[in-house]
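Visitor: Structure below; questions to follow.
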Amino acid sequence: MVSFLVANYLMKFATDEILIAPATVGLIFALSRIWDAISDPLCGHLSDKTTATLGRRRTWLFYSVPVLLFSFFFLWITPKIPAFTGSASGILYVFRTGWFAFWLFALFTGMTMLYVPHYSLGAELSTARKDRSRIFGVRSIFENFGTILGVAVVALLTEKILPPAAFIPLIVGLAVFLALTILPPVFTLKEQNTVHRSGDAHFFLSFIAVWRNHKTRLVLFVTLLCQTGATIMLASVLYFSEYVLKNQALGGRVAAIFLLTATAAVPLWVKVINRLGIRIPWLSGLILLSLGFLFLVPAGLWYPEMWVYFITVWIGFAAGAVLTIQPVALAESMGDGRAQDNHRTGIYFAVFTFVNKSAMGAAAFLIGLALQLSGFKAGALQTALAQQTIRFLFTVGPFLCFLVAAILVWRSYRLSGVSAGQY
């Protein structure tokens with residue numbers, strides 16, 4: 001839920017509601033990635049070394065709750081600050097921009113404290129590919145349900161269903177719901193004693209060891225491309241539906257259809273992975289994704305808008321494979337001839353989380369810069385250049401990302417379909 005709102009609605013919220021320039025919003029997202037470059041690997045390293053009674057992963061999950069609770073709430077109340085006129089308007093703009101940036105950084109820190117240990121815990125529950133594909137498949141399903149909730153929230157906000165007075169109660173309710181969904185696993189899941197071992201003494205040595213693993217590098221590059229493509233698509237669909245197709249409701253529907261289809265496809269892809277291994281399903285999913293976005297290029301020009309929904313089902317089905325496979329592939333890459341890497345699970349998934357969030361930030365920066373250069377004006381009739389730019393972002397951008405990812409997997413990836421650690 002949080003990731004979807006941040007990656008796919010927060011930018012439009014900041015440009016249209018808080019009235020921060022698109023390039024400035026993109027720059028803030030880009031700078032937050034620099035902070036993630038420090039906080040993500042550091043969190044992974046420290047969680048590897050944590051020896052608290054609650055467990056080295058669950059301890060971090062517990063302390064992520066207050067950080068996420070407060071940062072999520074204060075990030076969205078930015079536009080509720082009273083407006084000023086005259087010379088004070090410039091000061092207000094700087095204040096709002098600074099407020100937005102501070103709480104965005106805080107939110108990303110809380111997400112790091114949650115995502116890195118949570119991914120690591122999933123990889124440590126079992127070393128068998130069959131179990132890991134099921135674990136991460138179920139995780140993906142629940143994560144998608146949260147994202148679907150985010151889609152519903154976006155629909156409530158973009159279609160003006162909620163009255164303005166209901167905005168703050170909605171944000172409070174979502175923040176409390178976020179906390180309540182994190183805490184139960186903290187007190188119900190059990191960590192294996194075999195993984196309760198301190199990580200490497202030196203943070204940078206751990207990070208370098210992960211980067212030297214060539215199969216891990218491949219997984220990370222493909223993840224970067226996939227997350228960039230998905231974020232560009234989901235973030236730009238709201239602009240595309242409102243300013244190009246002149247159908248604001250279509251954006252929320254496309255996002256919902258995409259997520260529902262991806263969620264429904266996960267169990268099927270888990271069975272395929274357990275039968276065929278990783279490479280073929282992964283490559284198939286990436287090829288289907290790239291073709292789907294290619295077919296979206298003439299949307300609203302050569303065929304009616306209704307076909308957008310059918311192509312979205314196609315894209316969502318293919319995305320189910322990518323969502324399931326990537327964390328499994330990363331977990332298996334840890335056994336690439338380095339037994340000690342199984343005790344660096346935190347740092348591995350810290351880098352994985354950083355790559356995902358970096359892609360989100362890079363996508364936001366690219367979208368903001370492209371909109372700014374095209375002459376985009378929030379809430380106004382867009383020029384032909386702005387409309388063409390939005391169409392390019394929504395279709396060609398993701399197409400290129402998934403196409404390059406497919407080429408990388410086709411040329412480089414060689415994982416056996418039999419057992420983890422065998423290549």
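Visitor: Assign unit charges at the C-beta atoms only (+1 for Lys and Arg, -1 for Asp and Glu), then state the dipole size of the stretch 2-412 relative to its Cα centre in Debye, rounded to the nearest 20. Spell out each step's value before the answer.
Guide: Details: 30 positive and 16 negative charges, 141 e Å.
Computed charge dipole of the stretch 2-412: roughly 680 debye.
Visitor: To continue, here is another question. Could you give the alpha-carbon Rg of the stretch 284-402 over 2.2 N^0.38 Å, rounded to two decimals?
Guide: Here the Cα radius of gyration is 1.37 times the empirical estimate.
Visitor: Could you tell me which helices of the chain pass both thresholds, a Cα extent of 20 Å or more along their own axis and a mean Kyte-Doolittle hydropathy of at least 0.0, with helices taken as whole DSSP H runs?
Guide: Correct list, ordered by number: 22-49, 58-76, 88-124, 129-158, 167-188, 214-239, 248-276, 279-296, 306-333, 345-374, 384-412.
Visitor: What nm value, rounded to one decimal, do you get for the distance between Val396 and Trp302 when each label is placed 7 Å out toward the C-beta?
Guide: 1.4
Visitor: Among Ser358, Pro298, Gly346, whose Cα lies farthest out toward the positive end of the dipole of the chain, if unit charges sit on the beta carbon of Lys, Arg (+1) and Asp, Glu (-1)?
Guide: Gly346
Visitor: Additional query: Given 4 °C and 1.567 mPa s, how large is the Stokes-Einstein diffusion coefficient of the chain in µm²/s, with Rh as the Kirkwood radius over Cα pairs?
Guide: 59
Visitor: At a 10 Å Cβ-Cβ cut-off, how would you order Thr109, Thr389, Thr51, Thr181, fewest neighbours first?
Guide: Ranked by crowding around the Cβ, least crowded first: Thr51, Thr181, Thr109, Thr389.
Visitor: Once you have the Cα-Cα distance between Leu92 and Phe177, take 0.36 nm times their residue separation minus that, and quote the gain in nm to one decimal.
Guide: 27.5 nm
Throughout, read-outs are computed from the coordinates displayed, never taken from laboratory work. As the structure is a prediction and not an experimental result, all values here were calculated from the model. In this analysis, Cβ positions are derived from the backbone assuming ideal geometry, glycine residues included, and neighbour counts consider all displayed protein chains.
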